[in-house]
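**Q** Dropping a structure here in structure tokens format, bear with me for questions.
The values are calculated or read from the model by the stated rules, or taken from the named source; none is laboratory data. Just so you know, these numbers come straight off a predicted model, no measurement behind them. No Cβ is skipped: glycine too gets one built from the backbone with ideal geometry, and neighbour counts run over all protein chains shown.
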Amino acid sequence: MNLETIAATIKTYIIQTFLYDRGPITLTNETPLLIGGLIDSIRVVQLIGFLQKEFEIEVELEDLTIKNFESIQAMAGLILRYRQKNAE
């Protein structure tokens, strides 16, 4: 699975789960999700649960940072790093 596929999966989940009732929103892989107010801390917890289940990873405590969840691109990079680490 590559970065683009991971990002597309995350984007689809965010739109269907959190943004379905917000009307037209331009959401790119670089859109700031937390600072931009698109998702809040409670939704981040829900999102982490989805990521762990969907991509079969366990997000470690030290990776629970704003930097890793600030955008779809950041989350996709985090997932890719975990998948590569687990493949070794």
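**Q** Just one of (1) under 18 Å from N2 (Cα atoms); (2) touching a Leu at 6+ places or on another chain (Cβ under 9 Å) trips up L27, so point out which.
**A** Only one criterion in (1) under 18 Å from N2 (Cα atoms); (2) touching a Leu at 6+ places or on another chain (Cβ under 9 Å) is unmet by L27, namely (1).
**Q** Considering only the stretch 36-88, state which residues are among the small types (G, A, S) and at pLDDT below 95. Even if it seems obvious, please write down each step before you answer.
**A** Residues of the stretch 36-88 that are among the small types (G, A, S), as a first pass: 36-37, 41, 49, 71, 74, 76-77, 87.
The answer is G36, G37, S41, A87.
**Q** Could you tell me whether the stretch 57-67 includes any residue that is of a type in the set (A, V, I, L, M, F, W, C) and closer than 17 Å to M1 by Cα?
**A** Within the stretch 57-67, one or more residues are of a type in the set (A, V, I, L, M, F, W, C) and closer than 17 Å to M1 by Cα.
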